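Chemist: Quick one: this structure, given as structure tokens, is what I'll be asking you about.
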Amino acid sequence: MRASKYFALLAAFALMLSVGAFAKDGNSGNFDLQQPAKIGSAVLQPGHYTAEWTGSNDAVKINILQHGKTVATAEGAVKELPAKSPYSAVSMKNQPDNTKKVDEIDFNNRSQALIIHGGM
């Protein structure tokens, strides 16, 4: 009786962890920058990053992480693509001061993209 109680508790805990992992995957994605670019008020150097977002599709808070630490924040929106993106891609706009600003991030094998509105 006692063993079955512990087993049920362990199973419930494992289920909660797996559900949390799936939920996070839906609101995060990896991308690479090939050149310096601005996201929010931060200028990020070339490298590998993770975007995590919370909120409704038309108003999300975006955190950009590198090595598990937040390096930039911005506001944006989730854009539904007509088909899954075949690769990760970052679209940028030129700024008046000749810098680049990240405008959109498409994620590999996903039908959602992030539109970056600006800093927080």
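The values are calculated or read from the model by the stated rules, or taken from the named source; none is laboratory data. Please read these numbers as outputs of a predicted model, since none were measured by experiment. Cβ sites come from the backbone with ideal geometry, for glycine too, and all protein chains shown count toward neighbours.
Chemist: Any idea how many residues of region 31-73 are more than 17 Å from Gln112 (Cα to Cα), surrounded by 15 or more Cβ atoms within 10 Å (Cβ to Cβ) and touching a Gly at 6+ places or on another chain (Cβ under 7 Å)?
Modeler: Number satisfying all stated conditions: 5.
Chemist: Within region 88-107, restricting attention to residues that are touching a residue at least 24 places away in the same chain (Cβ under 8 Å) and in a loop (DSSP other than H, G, I, E, B), which residue is surrounded by the most Cβ atoms within 10 Å (Cβ to Cβ)?
Modeler: Among those that are touching a residue at least 24 places away in the same chain (Cβ under 8 Å) and in a loop (DSSP other than H, G, I, E, B), it is Phe107.
Chemist: Would you point out the residue of region 69-87, among those that are of a type in the set (Ser, Thr, Tyr) and either touching a residue at least 24 places away in the same chain (Cβ under 8 Å) or outside any strand (DSSP E or B) (or both), that is nearest to Thr54 (Cα to Cα)?
Modeler: Top of the filtered list is Thr73.
Chemist: Name every residue in region 74-96 that is charged (D, E, K, R) and either under 15 Å from Ala42 (Cβ atoms) or touching a Gly at 6+ places or on another chain (Cβ under 7 Å) (or both), in order of residue number.
Modeler: Quick first cut of region 74-96, residues charged (D, E, K, R) only: 75, 79-80, 84, 93.
Glu75 - this is the single residue of region 74-96 that is charged (D, E, K, R) and either under 15 Å from Ala42 (Cβ atoms) or touching a Gly at 6+ places or on another chain (Cβ under 7 Å) (or both).
Chemist: Same structure again: List every residue pair whose Cβ atoms sit under 6 Å apart, with the two residues 6 or more apart in sequence or on different chains, where the first one lies in region 35-46 and is at positive phi and the second, anywhere, is buried (at least 21 other Cβ atoms within 10 Å of the Cβ).
Modeler: Gly40/Ala72; Gly40/Ala74
Chemist: Ok, one more. Condition check: loosely packed, with under 15 Cβ neighbours inside 10 Å and modelled with pLDDT of 95 or more. Does Ser85 satisfy that? Show your work before the answer.
Modeler: Details: loosely packed, with under 15 Cβ neighbours inside 10 Å: no; modelled with pLDDT of 95 or more: yes.
Against the criterion (loosely packed, with under 15 Cβ neighbours inside 10 Å and modelled with pLDDT of 95 or more), Ser85 does not qualify.
Chemist: Let me ask you something else. Would you pick out the residues in region 94-116 that are under 17 Å from Ala59 (Cα atoms) and of a type in the set (Gly, Ala, Ser)?
Modeler: Once the filter is applied, which keeps residues that are under 17 Å from Ala59 (Cα atoms) and of a type in the set (Gly, Ala, Ser), region 94-116 yields only Ala113.
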